[in-house]
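Here the structure comes first, spelled out in structure tokens, and everything after it is commentary.
The values are calculated or read from the model by the stated rules, or taken from the named source; none is laboratory data. Here the structure is a predicted model, which means the values were calculated and not measured. All Cβ positions, glycine included, derive from the backbone under ideal geometry; neighbour counts span all protein chains shown.
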Amino acid sequence: MSSLECETTIDSLPEEVFCMIFDLLDLVNVKSASLVCRKWHNIVFLSPYIKRFLFNIVLRLSWKPTEEELAICKMRTKEVIDIANHTQRCYRYLLLCVNRIKFVDFPSLWKSLHPNVTVNIYWLHLMLCGDIRDTFMLIVDAIPLLPKLRSFSFSKIHTIDQVTVLRSSSVQYLNVDDCNIRIDMPELESFAGPLSALSQRDDNDQPVVLAKLKYVNITLYPYYSVDQYNIIPFRFVNVESLTVWDTLEEPLFITICNTCTKLNKLYFQFTPCIEDPAAMRHLSKLSNLRQLKFDSVGKFKIFLVPWSNIFSFDFDLSELTQLEDLDLGSILFGAHRSIRLPKSITHLSVSINYKNEQNIIQNVIGSLTQLQSLRLGNFPRHVDPWTPLQKAEVAQNTLKFLNHLKQLEELVFVNVEFSESAYLDLEDLMHRLRVLRFVNCILVQNRLQELEQIFPNLKIEVCTSEDL
């Protein structure tokens, strides 16, 4: 690198202008610019502008590494250690991935990074595979000493064999994947991981409220050694967005509804197992809810009579007057079940078949005069990759009824068959639509091409579920 100082008139520009110029360049050209002179180098790597870069350390080995692979990994580890020991760059983002930790001198590697590199880190992502019992405490001891750390992600393959507390007075965003991790992070705003991580050690009688926690993504419910029902009332009182990726038993579902009254977004990736119809009424307590989503492909007995695929009791969300986006996933309502939804809904996804189609169209969609986006079709719970999914034809009455939705701009059909006459039944609606999407549908292709010419403002999309 040249040590010459810039002598051109451009050198008189303020640092902010240089940053604006560098923003117009890709990373390769920014690196080249940093070689021009010491001032440009310092702006790129020693100022806040370095947030554009990621210090990416990846040490990978095969499952059964050869002597040559081990030698290369050892050499690369030494190179990283040398760089980390001598760098003056103030990196804000650090990714460290070691997939066979027993073959890497991790203590020496970590010593080179901490604190020389980690002292400036805002974002830290650690991916460690293997037996980390001897190295994990190095990380645990370091985290509280990183004053600028705001986002921390920690993933590994082997489970930690004892409960360990991660402490930080600065971390706001946390992502972990081990049920034996506990956290002490009063500034936490966003969390993704097992529910058990939000519990506290048994020696702490009074749980501490996480007052700033707004966004929670629960990936796993441990069914041992953790009192799940006491975690939520103390930790979730201010949560506004909750996503649940694991099965949810009825008592925990009720606890969430009774506690998380500030929720405006609630996603159940596996629909709750509800046995008592009265339990569903607890949803009405979530009066601030704007988005509600149930699973699209569930795997368990959910809202159902055993061995049946029909929703077994009435469904009433009419008290959720703020609700705008409702995705009912693969829930299949019976032909005579009462379904009440708030008129505030503008986006709806619902599963239909030839038995419940009339009930859904007349009693559900017919009452939602503000609908802007509608997704209809067959959303199966179990998909056999070896058996083609049977596609049902949408009834003519259904298509004609959709023409009455004056606010509708987007219409999506999933796993249905369209005859040539079906397009004629939608003709009035197509004048208003902006998007017409077909997912895994049987279509008359020639007719689609004609529609694109007749309605140039209509975006017609044909795709598979993998494309979404």
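A few comments on the model shown:
- Yes/no for S153 being surrounded by 17 or more Cβ atoms within 10 Å (Cβ to Cβ) and either touching a residue at least 60 places away in the same chain (Cβ under 8 Å) or small (G, A, S) (or both): yes
- In this structure, T321 does satisfy being loosely packed, with under 15 Cβ neighbours inside 10 Å and within 28 Å of the chain's Cα centre (by Cα).
- When restricted to residues that are out of contact with any helix residue (DSSP H, G or I) (no Cβ under 9 Å at 6 or more places or on another chain), more than 19 Å from V435 (Cβ to Cβ), modelled with pLDDT of 80 or more and crowded, with 16+ Cβ neighbours inside 10 Å, the stretch 368-407 contains 0.
- So P144, is it under 30 Å from S47 (Cα atoms) and either among the polar types (S, T, N, Q) or surrounded by 15 or more Cβ atoms within 10 Å (Cβ to Cβ) (or both): yes
- Consider the stretch 324-346 and keep the residues that are at pLDDT 95 or above and assigned to a loop (DSSP other than H, G, I, E, B). The one that is farthest from the chain's Cα centre (by Cα) is S344.
- Scanning the stretch 417-439 for residues that are crowded, with 17+ Cβ neighbours inside 10 Å and at pLDDT below 85 yields F418, A422, Y423, D425, L426, L429, M430.
- Annotation: of all residues in the stretch 92-107 being of a type outside the set (K, R) and in contact with a Lys or Arg (Cβ under 9 Å, 6 or more places away or on another chain), the one that is farthest from I139 (Cα to Cα) is F103.
- Qualifying residue in the stretch 62-76 (condition: in contact (Cβ under 8 Å) with a residue 12 or more places away in the chain, over 30 Å from C19 (Cα atoms) and touching a Cys at 6+ places or on another chain (Cβ under 6 Å)): no
- Among the residues making up the stretch 249-280, those that are within 19 Å of S330 (Cβ to Cβ) and of a type in the set (V, I, T) are T271, I274.
- If the condition is being at pLDDT below 70 and either among the hydrophobic types (A, V, I, L, M, F, W, C) or part of a strand (DSSP E or B) (or both), then the stretch 220-252 contributes only V226.
- Condition check for N217: under 30 Å from R150 (Cα atoms), surrounded by fewer than 20 Cβ atoms within 10 Å (Cβ to Cβ) and at pLDDT below 90: no
- Residue match in the stretch 200-213 (condition: over 21 Å from L328 (Cα atoms), buried (at least 17 other Cβ atoms within 10 Å of the Cβ) and at pLDDT 75 or above): yes
- Residues that are exposed (fewer than 15 other Cβ atoms within 10 Å of the Cβ) and under 31 Å from the mean Cα position of the chain (by Cα) within the stretch 443-468 comprise K459, E461, V462, C463, T464, S465, E466, D467, L468, listed in sequence order.
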